[in-house]
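**Q** Once you've had a glance at the structure underneath, I'll fire off some questions.
Each value in this text was obtained by applying a stated rule to the coordinates, not by laboratory testing. Bear in mind the structure is a predicted one, so any value in this text is a computation, not a measurement. Note: ideal-geometry Cβ built from the backbone for every residue, glycine included; neighbour counts use all protein chains shown.
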Amino acid sequence: MAVKIRLMRVGKKKQPSYRVVVSDSRSPRDGRFIEVLGQYAPRAEPSVVEIDSDRALHWLRVGAQPTEQVGKLLEISGVWAAYKDAVGKEAVTKPKAKTPKPKAVVEKPEPAPEARVAAADDAPAAEASAEAAEPEAAEDSPAQAAETRAEPEASDDAPASEEAAE
């Protein structure tokens, strides 16, 4: 089960405030949660950030992944620095900002200049031989059609001649 620390929206229409919650990553944004860690009120001046640092540290230690926005709130409240000190190295679970990946451009390798010249020399000859073969095939096709029509008639005669021989 992948556990996330994320924001759950509460409050009235056009007046958002958020709860910082621990929840299963498959549950909806405002749905089922495991534990409430704190609150975030972005509309207040200055913004209010209240996070239970002991419980947040516990969840980070057991592997809960904070979302990008919660990661910023953890840095503001000082929980992220405490987590880095507790782990003893650069934390691996720090959320990364979502940046669009550049699309990989795959270029087809161009054939060597010699190969292009050879291909260009072969191309007219191949086209000429294909054109020469087409008229011959067209001439053979009516003759072949007549032969195929004649064969079934011969096969019909063959059984009759066998019956006459008996």
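**Q** Let me make sure I get this right: for segment 19-69, a, b and c are the square roots of the gyration tensor eigenvalues over alpha carbons, sorted descending. Under 1.5 in a/c it's rounded, otherwise prolate if a/b > b/c, else oblate. Which is it? Present the calculation step by step, with values, prior to reporting the outcome.
**A** Values: a/c = 2.18, a/b = 1.36, b/c = 1.60.
Because a/c hits 1.5 or more and a/b fails to exceed b/c, segment 19-69 counts as oblate.
**Q** I've got another one for you. Quick check: net charge around Trp59, other residues with Cβ under 12 Å of its Cβ, Lys/Arg +1 and Asp/Glu -1? Mind dumping the intermediate values first?
**A** Working: positive: Lys4, Arg6, Arg55, Arg61; negative: Glu35, Asp52, Asp54.
Local charge sum for Trp59: +1.
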